[in-house]
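Worksheet for the structure shown next.
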Amino acid sequence: MADLLRTGLYDLHLRLGAKIVPFAGYEMPVQYPMGVLKEHLHTRAAAGLFDVSHMGQVILRAPSGRAVDAAVALEALVPVDLVGLAEARQRYGMFTNAAGGILDDLMVANRGDHLFVVVNAACKAADIAHMRAHLPLEVSEITDRALLALQGPAAEAALGRLVPGVAAMRFMDAGIFGWNGVPLWVSRSGYTGEDGFEISLPDAVAVAFAEALLAMPEVAPIGLGARDSLRLEAGLCLYGHDIDTTTSPVEASLSWAIQKARRAGGARAGGFPGAARILRELAEGPARRRVGLAPDGRAPMREGVEIFAAPEGGAPIGVISSGGFGPSINAPMAMAYLPRDIAEGATVYGEVRGKRLAARVAPLPFQPTTFKR
Amino acid sequence: MKYTEEHEWLRVEGDLVVVGITEHAAEALGDVVFVELPEPGTTVATGDEVCVIESVKAASDILAPVDGEIVEVNAALADSPGMVNEDPTGKAWFFKMKLANPKALDGFMDEAAYKKLIG
């Protein structure tokens with residue numbers, strides 16, 4: 001694993017007994033001694049601490065020094081209303097390509113005089129090159145800060161002990177708070193469906209900060225394994241699996257992230273790559289869309305499983321993009337792309353080990369979210 | 001107890017052999033969430049896939065260690081797959097087989113040899 005990178009918390013992961021795997025070019029903890037199932041349940045019951053320092057952190061600055069000018073520019077690459085994003089607020093979005101597919105998904109925060117963007121680890125080099133090529137902005141990758149996520153019902157109390165101001169934040173607020181004289185960039189957001197926070201902080205203090213959280217009885221370290229089952233229960237997309245360059249945001253059931261201002265008739269309608277296809281799909285509906293699937297029985301249906309309309313015969317009508325077992329719902333769960341005429345509640349069949357097993361088209365998320373709105 | 005290179009354990013019980021997976025295998029699989037068992041009465045040949053185990057991470061199979069007939073399966077595993085992690089060499093046996101050739105077990109590893117295999 002000589003070519004793999006490590007986050008600043010790598011030695012801490014080893015001390016905590018993590019099992020390390022290669023992920024997006026990094027050596028990352030997939031699980032700790034607690035194990036995936038218990039880590040998942042612990043996050044939903046108390047608080048889980050995730051090292052997500054492999055993700056890309058980028059600052060976008062306009063020559064004017066105003067966030068709104070950076071927002072105007074970035075709107076050329078994403079179908080999201082960023083001009084309407086208030087200071088100290090964060091929004092979900094995606095970079096689209098000329099064919100209307102998704103290059104990556106991202107979070108954008110308005111920090112008054114600039115935008116702070118977080119992108120996926122596997123895409124960050126391409127995303128940064130893409131922004132540098134197309135935006136009249138200063139695009140600065142932040143390489144000296146770790147990124148942690150603290151998720152779960154006890155996250156507010158735990159983080160609040162170190163940073164009292166965070167308790168007043170609402171879902172998708174973003175702010176800067178001090179801890180021992182060090183600035184923490186905190187947002188009330190995450191990738192688990194739970195209330196929680198994402199915290200960017202200088203590498204130099206990341207281990208001490210993580211250890212201060214882990215010293216609290218309600219906080220446990222959580223690996224990538226549970227991160228995946230938590231996000232799938234919450235119905236959230238994983239780039240490269242549930243969304244990619246072949247799926248449009250509308251097909252991906254992410255139309256909620258395309259605000260009125262960017263739609264037909266809006267103040268800044270279109271003007272992003274792939275707008276022709278995306279606006280057409282918003283108006284007419286996409287041919288296929290991402291849905292939840294609840295398999296009957298207990299056998300998981302995993303990524304790549306083909307979906308059929310009938311228990312025998314016929315060609316596949318779709319394929320599972322993510323699937324596994326949901327520890328909190330205590331049942332298998334999956335997401336798949338299916339033709340839009342397949343309605344919620346319909347029974348379809350996934351072919352697992354040569355057998356067609358029934359599954360119900362189910363609403364997402366599988367596990368109710370607990371965001372503090 | 002005898003052991004296979006596929007990390008199964010084999011325990012002789014009268015004229016039957018009881019089959020399960022080792023602690024080492026259970027730990028490597030991670031939390032088991034689904035077990036599919038064969039029908040009692042099925043005749044199997046060495047290497048046939050007779051059980052499916054799905055963990056939080058992935059699916060894997062249990063192969064028939066020898067030729068014979070499945071005479072009994074541990075139906076409790078279907079409802080409580082987590083037993084595989086809790087008690088892999090005890091309560092979480094998978095199936096009992098009647099051997100086609102009673103000498104078929106002679107070639108398998110003993111505990112010392114298996115421990116050497118898993119280091």
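Note on B:52-58: average number of Cβ atoms from other chains within 10 Å of each residue's Cβ is 6. Over all pairs of different C-alpha atoms in the range B:2-100, the reciprocal of the mean inverse distance, the Kirkwood hydrodynamic radius, equals 13.1 Å.
Subtracting the Cα-Cα distance of A:ALA269 and A:THR369 from their residue separation scaled by 0.36 nm leaves 32.9 nm. Note on A:GLU303 and B:ASP79: the model spin-label points, each 7 Å out from Cα along the C-beta direction, lie 3.5 nm apart. A Gaussian network model of chain A, with springs between Cα atoms under 10 Å, assigns the largest mean-square fluctuation among A:ALA294, A:ALA18, A:ALA346 to A:ALA346. Sequentially through the range A:108-116, phi angles give Karplus couplings (6.51, -1.76, 1.60; θ = phi - 60°) of 10, 10, 8, 10, x, 10, 6, 10, 10 Hz, Gly and Pro residues having no value and appearing as x. Taking every residue in B:30-43 and counting other chain Cβ atoms within 10 Å of its Cβ, the average works out to 3. Loop-only check: which trypsin sites (Lys or Arg not before Pro) in the range A:146-208 are DSSP coil with at most 11 other Cβ within 10 angstrom? Hits after loop and neighbour filter: A:ARG170. Relative contact order, whole percent, for chain B stands at 31, derived from Cα pairs under 8 Å and 6 or more residues apart. Taking amide H positions as modeled 1.01 Å from N, with prolines and chain starts lacking one, the residues under 5 Å from B:PHE34 and 5 or more places away or on another chain are B:GLU54. Contact order for the range B:65-119, expressed relative to its length and based on alpha carbon pairs under 8 Å spaced 6+ residues apart, stands at 44 percent.
Over the protein assembly as shown, DSSP H runs of length four or greater, each weighted -39,500 (n - 2.57), average out per residue to a 222 nm ellipticity of -5500 deg cm²/dmol. The share of Cα pairs per 5 Å bin across the range A:182-259, counted from zero up to the longest distance, runs 3, 11, 15, 21, 19, 12, 9, 7, 2 percent.
For the range A:316-356, averaging the sequence separation of C-alpha pairs within contact (under 8 Å, six or more residues apart) and dividing by the residue count gives a relative contact order of 32 percent.
Can you pick out the pairs among A:LYS38/B:LYS57; B:LYS2/B:LYS96; A:LYS38/B:LYS96; A:LYS38/B:LYS2; A:LYS19/B:LYS57 whose Cα atoms lie more than 22 Å from each other? Among A:LYS38/B:LYS57; B:LYS2/B:LYS96; A:LYS38/B:LYS96; A:LYS38/B:LYS2; A:LYS19/B:LYS57, the Cα-Cα distance tops 22 Å for A:LYS38/B:LYS96; A:LYS38/B:LYS2.
Among the GluC sites (Glu not before Pro) in the range A:306-373, those placed in a DSSP loop whose Cβ has at most 12 other Cβ atoms within 10 Å are A:GLU312, A:GLU344. The value given for chain A is a Kirkwood hydrodynamic radius of 21.3 Å, derived from the mean inverse Cα-Cα separation. Annotation: the residues A:TRP185, A:TRP256, sorted from fewest to most other C-beta atoms within 10 Å of their own C-beta, follow the order A:TRP256, A:TRP185. Given the protein assembly as shown, what percent of its DSSP beta bridges are antiparallel, to the nearest 5? So the antiparallel bridges amount to about 95 percent of the total. Neighbour counts of other Cβ atoms within 10 Å put A:TRP179, B:TRP93 in the fewest-to-most order A:TRP179, B:TRP93. At what distance in angstrom do the alpha carbon centres of the range A:262-322 and the range A:171-230 lie from each other? Centre-to-centre distance over Cα atoms comes out at 33 Å.
All of the numbers you see were taken from the coordinates with simple rules; none came from a lab. Bear in mind the structure is a predicted one, so any value in this text is a computation, not a measurement. A quick note on method: Cβ atoms are made from the backbone with ideal geometry, for glycine too, and the neighbour counts reach across all protein chains shown.
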